[in-house]
Amino acid sequence: MRLAPPADRLTSLRARIPRPRTPADQTPPPRPRIMRAPLSLTGAGLAAFFFCLAFTPSLLPRTGILQGVVAGITAAMGYALGTAIGALIRLRFRFSGRTVRIWWRVLAVLLLPMIATCLVLGVRWQRELRLRLGMPPAQEYDIVRTVGASLLTFGLLLLIARTLRLATHGCAQVFRLIVPDRAAYCAGTVVVAVLSYSAFDGLLVAHLFAVADRSAAVINNGTGNGVHRPDSALRSGGPQSLVAWDTLGRQGRSFVAGAPSRPELTEFAGRPATEPIRIYAGLASAETMRARADLVVREMDRTGAFQRDVVAVFTPTGTGWVDNRVTQSLEYMYAGNTALVSMQYSYLPSWIAFLGDRSGVVDAASTLITAVRERWAALPAAHRPKLLLFGESLGTYGIEATFGSAGALVGGADGVLMEGPTFANPVHQRLTRDRAAPSPVWDPVVTGLPIDFADDATELRDRPGAPPKVVYLQNSSDPIVWWNWDLLWRQPAWLHGERGPDVTPAMHWFPWVTFWQTTCDLVFANQAPTGHGHVYKSATVDGWATVAPPPGWTVADTVRLRDRLGD
């Protein structure tokens, strides 16, 4: 066997020994492209799909800009979900760059026509919805502005999300010095999530609530345009009143000053009228809820309220507001022979009072109603006035929580009128759930109790049988009545079978999307025409005429009074 020369063997051995890699030979690891990373394929697909769903109609119409903002937020939700799904898929499968590019082309071919179709249909659906609610077609609905608003909203949310992702990556790099990679990213995610929530809750939400509180307090101290201190001793804040004018709050001052004059009442009634009594206690009128309720009862004794034909207790909305059409309805019906009382429990808007603390409205309703009923029950039965209760929106929740059951509510007064009950009302929920078949959820039929529901107040005029003691007025397009957490995962009963008269057949339920759209409707529920959304106004006349009609009152009188009060 021939051996290679020593020099050749040495060269061969040197060739087999791996040469140390210099920095120039090493391929540097790819730098993370957090802010410049391409869009997720699955995220873009679901974002486009959710974007299209956002143009399907909801309960109330929207302007073009608002529709764009809603669509942008909805698309961002879809992108987040799609990105999460894509991350899970990549844990199991790997796709080449060529495959991903092909799928992007397929996605563009499929989704672009779908988006264009949904934009056109969205404009048509919005126009049809406005016509259904008796609103003129929107002139400002512009697809270009709608798409621009949606892209701007989506881009802003994506920027926020990627900034959080960058922060998570930075935290993970720090934690990698002491723990493995996966643990580091988990820890970074937790840290960023906790800090983000703390910043959102402690800075943004708390600041917004503080600003809202200060703004509401300033507004509460003011006085509405055209509102003047009454010169009648039959009004709180007037001469001889136990309640000072400057303690009533803005809504309280409007309440006591908003009664029609005796000449106006006389003209409508066709006979001599009586000057109506209006009594109110504001937050500053007494230190405690009980003291304010006692003050109201003393005012009632001072003014002779229990000698009137009707005593009505109004549970106001969060700001202390009572719709003047509701109060004037009773005063015109009874030619001023009425005593209307109310009490403030907050100066915050109802939605803030509802989210922050519902106990305020419950305490106020329970305290005032109990105090008035005790004084009323002490009178001889033959000399008691009609005792009526009224609640609107959050006020209905306070009244229901006061009595606790439908039977107690029926027995609690001579007549009870509830407008726009909230989705959280306990009695309303039970009555709706136990309704008689086949009545729809938006117009349920209650058996065994003198309780009636009406989605259209005019249907109360031809109601057969004995008059009910409790009437609920609830528009089928009122999101405050129909919003519920169940919308996230379950189709609601009001989208099953027969629809309410102002709910478009084009509206369908989609998981999460319908919940989000109905949530947006809550914000603009008070901007709909009368009889739609959360707007009732003169429809109250039909309600009062059903639960507490004065002697000789006719449907013609109801129509005449509604015409006088307007929408």
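Observations on the structure shown:
- Residue within region 268-281 that is of a type in the set (S, T, Y), in contact with a strand residue (DSSP E or B) (Cβ under 8 Å, 6 or more places away or on another chain) and within 15 Å of A364 (Cα to Cα) present: yes
- In region 71-81, the count of residues that are free of Cβ contacts under 8 Å to residues at least 60 places away in the same chain and surrounded by 15 or more Cβ atoms within 10 Å (Cβ to Cβ) is one or more.
- Among the residues listed as P467, P426, the single one being surrounded by fewer than 20 Cβ atoms within 10 Å (Cβ to Cβ), at pLDDT below 90 and more than 30 Å from A54 (Cα to Cα): P467
- Of the criteria (1) closer than 27 Å to L561 by Cβ; (2) assigned to a loop (DSSP other than H, G, I, E, B), which one R253 fails: (2)
- Filter result for L340 (part of a helix (DSSP H, G or I), under 23 Å from E374 (Cβ atoms), under 36 Å from the mean Cα position of the chain (by Cα) and in the same structural domain as S393 (by TED's automatic domain parsing)): no
- Scanning region 304-316 for residues that are crowded, with 24+ Cβ neighbours inside 10 Å and not in a strand (DSSP E or B) yields A305, P316.
- With a requirement of 3 or more residues that are farther than 24 Å from D542 by Cα, assigned by TED's automatic domain parsing to the domain that holds V322 and out of contact with any Leu (no Cβ under 6 Å at 6 or more places or on another chain), the helices (runs of 4 or more DSSP H) lying completely within region 349-460 that satisfy it span 350-356, 359-377, 426-433.
To keep it simple, each residue is scored yes or no on (1) outside the structural domain of G448 (by TED's automatic domain parsing); (2) in contact (Cβ under 8 Å) with a residue 40 or more places away in the chain; (3) farther than 28 Å from L409 by Cα; (4) in a helix (DSSP H, G or I).
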| position | (1), (2), (3), (4) |
| --- | --- |
| R463 | no, yes, no, no |
| P468 | no, yes, no, no |
| W494 | yes, yes, no, yes |
| G497 | yes, yes, yes, no |
| H508 | yes, yes, yes, no |
| C520 | yes, yes, yes, yes |
| V541 | no, yes, no, yes |
| V559 | no, no, yes, yes |
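- Scoring T63 on the criteria (1) under 30 Å from D502 (Cβ atoms); (2) at pLDDT 90 or above leaves a single failure, condition (2).
The values are calculated or read from the model by the stated rules, or taken from the named source; none is laboratory data. Just so you know, these numbers come straight off a predicted model, no measurement behind them. With ideal geometry, Cβ positions are generated from the backbone for all residues, glycine too; neighbour counts draw on all protein chains shown.
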